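For reference, the structure discussed in these notes is given below.
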Amino acid sequence: MSSDLPEYYFRVRENGALVFRLDTENRNRRIEMDQIAVVNIRNGEVKPHGGRELTEADMAEITAWMEERQATLAARDIDDILRAVDHMNLTTQWAQSKATPEQLEHVTDALLLAMHDLRTVLVRKKADRLLKE
């Protein structure tokens, strides 16, 4: 099993990750995780941990992970938005076919304000894009 493990492990956290180098070549045949850095994905900062100096191999792995992570997060953002579109469609169907007057009274103002806000932003952004072309 230990021969299949990667050399590095990234413990994801909200704004990046803690980076560990894995060691399986010890006399106890245990997996040892040695923290080598802290990564901030938002600003691209990599801080060596505990006075370490990161090797070129360390930095190459960290940079590759950061690029992959940013791509994953960007894809998730788009997926979340497309799910919101689906949810809006389901909400429309619910309002038209299942909602009671009391339920509609409870949610209508909040939905209308949120949709107005979204529409305003989308129209402004679209106009900006069209003007740039």
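Miscellaneous remarks
- Residue in region 113-120 that is among the basic types (Lys, Arg) and in the same structural domain as Arg21 (by TED's automatic domain parsing) present: no
Listed here are the residues, each with its yes/no results for (1) surrounded by fewer than 17 Cβ atoms within 10 Å (Cβ to Cβ); (2) of a type in the set (D, E, K, R).
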position	(1), (2)
Arg11	yes, yes
Asn26	yes, no
Asp58	no, yes
Thr63	yes, no
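The values are calculated or read from the model by the stated rules, or taken from the named source; none is laboratory data. Since the model is a prediction, treat every value here as computed from it, not as a measurement. Counting neighbours? That spans all protein chains shown, and the Cβs are built from the backbone with ideal geometry, glycine included.
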